[in-house]
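Computed from the coordinates by the stated procedures, all read-outs in this text should not be read as laboratory data. Note that this is a predicted model, so its numbers are computed, not measured. Backbone-built Cβ (ideal geometry, glycine too); neighbour counts: all protein chains shown.
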């Protein structure tokens, strides 16, 4: 009988598809090297498939993800300069989304543009996962994978992304020790090092909590009770005004509004809370003032 059960168990392992426990990401990757001139850089197109496989086929956490729970994300690598035949500067655009419960819609959780990507890549180069060693390309991919995971987890539980942000912080520390470009948190208002430093900074923990309160308390309950959701959001935003006044450099806060400003404006549009929301948002996010003016129409 025991031999029979063992045989059945082995058969089960063979026939059950490997993606029963899915990886965390469903990521679409694009590569654009049109700005490069003077040589044939068509081999860079292979980075699209290699990067997508690197992100999508790796198990980044110990958590179980069903296919429907995978994080929809996009990574765009836009080459801006060839320093040599194998060394490049590029812009990296990273975005991630999560569903809004009770609807068929998704909300953008993260949308950022990293202007200081500099790395080496030769034709046929494999992307090897070595989280404890610095690599000019894979360290950046590892960092943003954990950043996307951390942001996503924070929307489902209060500061739920702590382990992922700690992983991103370790990657940043290793990269900073190498002196690589784009990682310093000193004098780099929008560096990778500055982003993770602010996420882990106690002064920004209110914003960490805000991500859960906004997504779960406001967006996920908006269809059920829109007036209550707007009131909650107004209170949340007013509570963050002091953060903008206290912190001179707030890259982390800017990332929230880069992803959310249109969504926030639509939540308050033509509502009783619109005037109060405009007053708070004009202090928090003056770069999108014209979009917030639209709320009061």
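Using only the Cα atoms of the stretch 243-297, build the gyration tensor, take square roots of its eigenvalues as a ≥ b ≥ c, and label the shape rounded, prolate or oblate: rounded if a/c is under 1.5, else prolate if a/b is larger than b/c, else oblate.
prolate
Given a Förster distance of 25 Å, report the FRET efficiency between residue 181 and residue 128 from their Cβ-Cβ distance, rounded to the nearest 0.05.
Once rounded, the FRET efficiency stands at 0.75.
In whole Å, what is the distance between the alpha-carbon centres of the stretch 241-293 and the stretch 192-222?
Distance between centres, Cα-based: 14 Å.
In whole angstrom, and with the biggest value first, how far do the Cα coordinates of the stretch 204-297 range along each principal axis?
Projected onto the principal axes, the Cα atoms of the stretch 204-297 cover 36, 27, 19 Å.
Say each of residue 113 and residue 89 gets a label point 7 Å from the Cα, pointing the same way as Cα to Cβ; how far apart are those two points in nm?
Between residue 113 and residue 89, the label points sit 1.5 nm apart.
If r is the Cβ-Cβ distance from residue 248 to residue 206 and R0 is 22 Å, what FRET efficiency results, to the nearest 0.05?
Plugging the Cβ-Cβ distance into 1/(1 + (r/R0)^6) gives 0.85.
Which whole-number percentage describes the relative contact order of the stretch 102-166, with Cα contacts under 8 Å and a sequence gap of 6 or more?
Computed over the stretch 102-166, the figure is 24 percent.
On each of the three principal axes of the Cα atoms of the chain, give max minus min coordinate, whole Å, ordered largest first.
For the chain, the Cα extents along the three principal axes come out at 66, 64, 34 Å.
Stick to Cα atoms and the Kirkwood definition of Rh, then tell me Rg/Rh for the stretch 22-179.
Ratio value, two decimals: 0.98.
For every helix of n ≥ 4 consecutive DSSP H residues, a contribution of -39,500 (n - 2.57) applies; sum these over the chain, divide by its total residues, and give [θ] at 222 nm rounded to the nearest 500 deg cm²/dmol.
Helix-only estimate at 222 nm: -14000 deg cm²/dmol.
What's the FRET efficiency of residue 46 with residue 170 using the Cβ-Cβ distance as r and R₀ = 41 Å, to the nearest 0.05?
0.90
Apply the a/c threshold of 1.5 to the C-alpha gyration tensor of the stretch 120-200 and tell me whether it is rounded, prolate or oblate.
Verdict is oblate for the stretch 120-200.
Calculate, in nm to one decimal, what residue 289 and residue 238 gain on full extension: separation in residues at 0.36 nm each, minus their alpha carbon distance.
Stretched fully, the residue 289-residue 238 segment lengthens by 16.7 nm.
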